[in-house]
Structure formats: structure tokens, C-alpha cells
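J.: Below are the C-alpha cells for one structure; questions will follow.
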Amino acid sequence: MTHIGLLSDTHGYWDDRYLRYFEPCDEIWHAGDIGSLEVADRLAAFRPLRAVYGNIDGQDLRRRFPQTLRFTVDGAEVLMKHIGGYPGRYDPSIAGSILARPPRLFVSGHSHILKVKYDRTLGLLHINPGAAGKQGWHKTRTLVRLAIDAGTFSDLEVIELADK
């Protein structure tokens with residue numbers, strides 16, 4: 001079983017609670033708009049980090065992270081891209097990859113809207129963890145934790161980061 005901490009859209013903002021809430025996690029995944037190398041470095045120093053760059057990320061982050069990432073964790077194939085849409089409305093930039101070879105889990109960010117939705121047609125789970133940073137119009141900052149075991153997802157938790 002692998003425990004995952006998932007976040008997106010930090011936009012260069014750091015909150016020490018990321019590490020507190022990701023303490024039980026084996027890996028951290030960032031779905032883009034990281035915003036600064038410092039945020040990426042601090043996450044990567046804490047746990048292994050898988051990330052994609054987002055539309056606001058500069059060349060420094062684009063050199064380090066890909067635009068799209070496909071990998072397997074504990075029996076589940078995962079596809080991650082910052083701008084990805086959601087079931088029924090996948091972004092044209094990723095729809096072909098999803099339709100040609102649907103992953104078990106598709107992770108995207110960009111909208112700043114927390115969304116967990118199952119695509120019955122393709123048999124995949126979509127997660128957008130919302131936004132963990134302060135830049136943008138969202139009112140609630142969010143993180144997601146979940147477990148993956150033999151290709152099955154469980155223990156999905158949404159964590160709201162209220163301002164102190």
C-alpha cells in the first residue's frame with residue numbers, strides 16, 4: 001500500500017502544514033502551477049516528489065518537470081497533467097492520450113476547484129486537488145490524501161487549510 005499526498009496550484013506559496021498533513025504519505029504529487037523552485041525543493045526534501053509543470057511555471061520548473069507524466073504506483077497507472085479537464089470534458093491537449101489508453105487515475109489541477117469524479121465510461125478516477133496556494137479566486141485551500149493498494153484506491157481524504 002502506498003499513501004499519496006496530492007496538491008496543486010501552490011503558485012509559490014508555502015504552508016508548513018503541507019508537511020504536517022503529508023507526514024503519513026510515502027510520496028507527494030504536485031499537479032502543476034508550483035510557482036517556485038523553493039516549493040518544489042521543500043516538498044522533494046520531505047518525500048519523493050512527482051510533479052508536472054503548469055501554465056504559470058517558468059523555465060526553471062519546466063526544465064525539471066514534464067508537462068505530462070504517466071507512471072504506475074502499486075498496480076495503478078496514473079496520468080498527470082496540469083490542464084486536463086475532467087470526465088466528459090477532458091482538455092483537447094490530453095483527451096487523445098486518455099481515450100487511447102485510459103489510466104486508472106487521472107490527476108489534474110488548474111481550475112482551483114476540488115473535484116473527485118469517477119469516469120464510468122473509461123473506468124478511471126479523476127482527482128483535481130483544488131488549490132493549495134493563495135493566488136486565485138478560490139476561497140478554500142485544499143489538499144488530498146489517498147492510498148493505493150494493488151490498483152485500488154481507498155482512504156481518500158480532503159484537507160481544508162483554513163487561514164490562521
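The values are calculated or read from the model by the stated rules, or taken from the named source; none is laboratory data. The structure presented is a predicted model; accordingly, all values stated were derived computationally and were not measured. With ideal geometry, Cβ positions are generated from the backbone for all residues, glycine too; neighbour counts draw on all protein chains shown. Surface areas here come from the heavy atoms of the whole protein model, side chains and all, with no ligands, DNA or RNA. Shrake-Rupley method; radii C 1.70, N 1.55, O 1.52, S 1.80 Å.
J.: So with the 1.4 Å probe, I'd like the accessible area per residue for the chain, rounded to whole Å².
T.: Heavy-atom SASA per residue in the chain reads 46 Å².
J.: How long are the semi-axes of the equivalent ellipsoid of segment 101-163, defined as square roots of 5 times the Cα gyration tensor eigenvalues? Whole Å, largest first.
T.: They are 24, 14, 8 Å, listed from largest to smallest.
J.: Can you give the Kirkwood hydrodynamic radius for segment 82-122, in Å, rounded to one decimal and based on Cα pairs?
T.: 10.6 Å
J.: Using the Cα centre as the reference, give the magnitude of the dipole from point charges on the C-beta atoms of the chain (Lys, Arg: +1; Asp, Glu: -1; all else neutral), rounded to the nearest 20 debye.
T.: Here the chain has a charge dipole of around 400 debye.
J.: Could you pull out the chymotrypsin sites (Phe, Trp or Tyr not before Pro) across segment 99-164 that fall in loop regions by DSSP (anything but H, G, I, E, B) with no more than 12 other Cβ atoms inside 10 Å?
T.: 137
J.: I'd like the distance separating the alpha-carbon centroids of segment 1-47 and segment 99-134, in whole Å.
T.: Value for the Cα centre distance between the two parts: 17 Å.
J.: Just from the alpha-carbon atoms, what are the Rg and Dmax of segment 43-93 in angstroms?
T.: Rg and Dmax of segment 43-93, Cα atoms, are 12.6, 37 Å.
J.: Kindly work out what percent of the DSSP beta bridges joining two residues of segment 11-122 are antiparallel, to the nearest 5. The partial results should precede the final answer.
T.: Values: 8 of 14 bridges.
Counting DSSP beta bridges with both partners in segment 11-122, the antiparallel share is about 55 percent.
J.: Averaging sequence separations of C-alpha pairs under 8 Å and six or more residues apart, then dividing by the length of the chain, give the relative contact order as a whole percent.
T.: Worked out over the chain, it gives 24 percent.
J.: Determine one quarter of the surface area of the Cα convex hull of the chain, which equals its mean projected area, and express it in nm² to one decimal.
T.: 8.7 nm²
J.: Oh, and also: For residue 161, list long-range residues whose amide hydrogen, built 1.01 Å from N in the peptide plane, is under 5 Å from its own amide hydrogen.
T.: Here 141, 142, 143 satisfy the definition.
J.: Percent of Cα-Cα pairs more than 16 Å apart in segment 1-44, please. Provide the component values of the computation, followed by the final result.
T.: Working: 272 of 946 pairs.
The calculated P(r) of segment 1-44 puts 29 percent of pairs beyond 16 Å.
J.: At q = 0.20, 0.22 Å⁻¹, work out log10 I(q)/I(0) for segment 23-66 with the Debye formula, treating every Cα as an identical point scatterer and leaving solvent out; two decimals please.
T.: -0.55, -0.65
J.: Could you please state how large a percent of the accessible area of the chain is carbon and sulfur, counting protein chains only and using a 1.4 Å probe?
T.: Numbers: 3700 of 7620 Å².
That share works out to 49 percent.
J.: Kirkwood hydrodynamic radius for segment 52-139: how many Å is it when counted over pairs of different Cα atoms?
T.: After inverting the pairwise mean of 1/r, the radius is 13.5 Å.
J.: While we're looking at this one, here's another question. To the nearest 20 Debye, how big is the dipole of segment 118-164 about its Cα centre, given +1 on the beta carbon of each Lys and Arg and -1 on that of each Asp and Glu? Intermediate values should be presented prior to the final figure.
T.: Details: 6 positive and 6 negative charges, 58 e Å.
Using only the charged Cβ atoms, the result is roughly 280 debye.
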